[in-house]
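Student: My questions all concern the structure below.
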Amino acid sequence: MPLQAAEFFTELCLPFHDHTVVGNTYFAVPVPGAPLRLRIDFTRTIHADTYGGLRVAVIHPDRGEIDAVTLSFVDHGTFHRRDEATDTRPNTKQYGTFDTYHRPGQPPWAGAVTSGLRDAIEQYTAVWFPGTWDLPAHSRAAGRTALKAAAPPATRNGGRTR
């Protein structure tokens, strides 16, 4: 079954006018004419076709990835209500995640509350792309922070892979 990433990112209501979804990845140009780009991917878990969060990265066309953070669904309460309603226990495959298998007529992430993720993306992008949000980050729910993502592995010649 498809992940329906375009619908997920539409539900996030990100404010970037120049954006597109290719496959399961969201790309945006937050500041028109600036070289930096934003890329958001789903993070996989150890279980096949199961996703545990988002990876948000700032990309430069010539230098590649500049910075990235991982935003866990658990840390941002994305599936808290769904998991409480279905009595899903922590440390199980389904807790705080979604997979590509779902009921017909519903998206794979049914029951998700995306406001915590959106707030974290706002906080992160406010550093790299000031002025792209209508409201300052502190006016929304505070206290959730993004976790630093692992850097891509270095190549033999000391450069970074893309």
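Nothing in this text is a laboratory measurement; each read-out follows from the coordinates by a stated rule. All values derive from a computational prediction rather than experimental measurement. Don't worry about glycine lacking a Cβ; one is built from the backbone with ideal geometry, like all the others, and counts go over all protein chains shown.
Student: Would you mind checking which residues have amide H under 5 Å from residue 42's amide H? H placed 1.01 Å from N; only 5 or more apart, or other chain.
Tutor: Residues meeting the amide H criterion: 55.
Student: Nearest 0.05, what FRET efficiency do residue 63 and residue 113 give at R0 = 30 Å with Cβ-Cβ as r?
Tutor: Details: r = 35 Å, r/R0 = 1.18.
According to the calculation, E is roughly 0.25.
Student: Where the convex hull is taken over the Cα atoms of region 1-78, what is its projected area averaged over directions, in nm²?
Tutor: About 6.0 nm², averaged over all directions.
Student: Shifting gears a bit: Run the simple label-point estimate for residue 18 and residue 43 please: 7 Å along Cα→C-beta, distance reported in nm.
Tutor: 2.9 nm
Student: Right, next: With r defined as the distance between the Cβ atoms of residue 126 and residue 11 and R0 fixed at 25 Å, what FRET efficiency is calculated, to the nearest 0.05?
Tutor: 0.75
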